[in-house]
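Q: Pasting a structure here, questions to come.
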Amino acid sequence: MPEAQLLSGKTVSESVYQSLIPRISALQSKNITPGLAAVLVGENPASKVYVRNKTNRFRKLGLFTETHTLPADTEEEDLLKLIETLNTDDRFHGILIQLPLPNSIDNQSVLLVVDPRKDVDGFHPENMGLLTSGTPRFIPCTPKGILRILEHYDIETEGKRVAVVGRSNIVGRPMSILLSLKRNPGNATVTICHTRTKNQKGITNSADILISAAGVPNSITDADISEGAVVIDVGINRVEDDSEKGYSLVGDVDFNSVAGKASAITPVPGGVGPMTIAMLVENTVEAAESTLPK
Ligand code: GUN
């Protein structure tokens, strides 16, 4: 039996949706329905599932969403043109470009074209700059969801040592910046570990909070954490097996190994994943609210 407390993103996301209902109603009473345009380029199976899960949640909440699906050989120029039309389409308060994009397309050029006020993923350099300066506009959904889990379960971050494994622009880097900001949750001492880090175990072993966003299945075991650490597992890795689907989803963390030593842990599935979607909805509601006259 695991001893660690289970940090349920599913539970926290339900309370986020409850809190959004009156905000959505208030917008709808002013004839505004928060809208999200999702853009999916290529055939990445995981991306297709993510986009479907995100847009299904929008529909479930009575929000507006449209998915623009483009072939893998789409010219960058055509993608940029599509984004420009979405920027000026008032039905959409948020635009989501599902990553990764095909290698032939330059990610940075694409993210730069999204109107920063519709950039509900928080990936535009303007929004990354605002976040780094400590005055965020849109906080990237996965790190924001992790902060919300920590808040919900009263996990103190001030003065704590945090190890973030992974330095992606989507999770690791914004997560490390957010937790080091002079705010709450925040005020932590953060170390980022990545593929060139020497003695990662030495760093994670002395962390009070370990956040793994490396995308390497079962790579964190009890030997990597300190006694009583809080462990946040961002990994959603497809591992082939004999099941009907042909794969199962596993985290970066070897749950059974870590659960006996950690004080709290997020499961996969049902941990960080549901929070990413909830924060996307919340950011889109915020984007719609920001169009109201002050
Ligand atoms: N790919 C993996 N995570 C994300 C995310 O949060 N947003 C987008 N747009 N793409 C992703």
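Q: Sort out which residues of segment 182-228 are among the small types (G, A, S) and either without any contact (Cβ under 8 Å) to a residue 60 or more places away in the chain or more than 20 Å from D254 (Cβ to Cβ) (or both), and write them in order of number.
A: G186, A188, G202, S206, A207, S212, A214, G215, S219, A223, S226, G228, listed by residue number.
Q: Same structure, new question: Going by the structure shown, is R196 out of contact with any Leu (no Cβ under 9 Å at 6 or more places or on another chain), under 18 Å from I149 (Cα atoms) and either part of a helix (DSSP H, G or I) or not β-branched (V, I, T) (or both)?
A: It is false that R196 is out of contact with any Leu (no Cβ under 9 Å at 6 or more places or on another chain), under 18 Å from I149 (Cα atoms) and either part of a helix (DSSP H, G or I) or not β-branched (V, I, T) (or both).
Q: Another question, then. Output the qualifying pairs, or none if there are none: Cβ atoms under 7 angstrom, residues six or more apart or on different chains, first residue in segment 89-108 and in contact (Cβ under 8 Å) with a residue 40 or more places away in the chain and farther than 8 Å from L36 by Cα, second residue assigned to a loop (DSSP other than H, G, I, E, B) and more than 14 Å from the ligand (Cβ to nearest atom).
A: Pairs found: P102/A72.
Q: Do the conditions hold for G270, that is, is it more than 20 Å from G94 (Cβ to Cβ), out of contact with any Lys or Arg (no Cβ under 7 Å at 6 or more places or on another chain) and either not in a helix (DSSP H, G or I) or not aromatic (F, W, Y) (or both)?
A: For G270, the condition - more than 20 Å from G94 (Cβ to Cβ), out of contact with any Lys or Arg (no Cβ under 7 Å at 6 or more places or on another chain) and either not in a helix (DSSP H, G or I) or not aromatic (F, W, Y) (or both) - is not met.
Q: Could I ask something else about it? Does A264 satisfy being away from the ligand (no atom under 16 Å from the Cβ) and in contact with a His (Cβ under 6 Å, 6 or more places away or on another chain)?
A: No.
Q: Considering each residue of segment 267-294, count those that are within 16 Å of the ligand (Cβ to nearest atom) and under 21 Å from R52 (Cβ atoms), and give that number.
A: Here the count works out to 16.
Q: When only residues in segment 88-112 that are more than 10 Å from the ligand (Cβ to nearest atom) and aliphatic (A, V, I, L, M) count, which is surrounded by the fewest Cβ atoms within 10 Å (Cβ to Cβ)?
A: Among those that are more than 10 Å from the ligand (Cβ to nearest atom) and aliphatic (A, V, I, L, M), it is L112.
No value in this document is a laboratory result; all are computed from the given coordinates. Quick caveat, the model's predicted, so the values are computed rather than measured. Note that each Cβ is placed from the backbone with ideal geometry, even for glycine, and that neighbours are counted across all protein chains shown.
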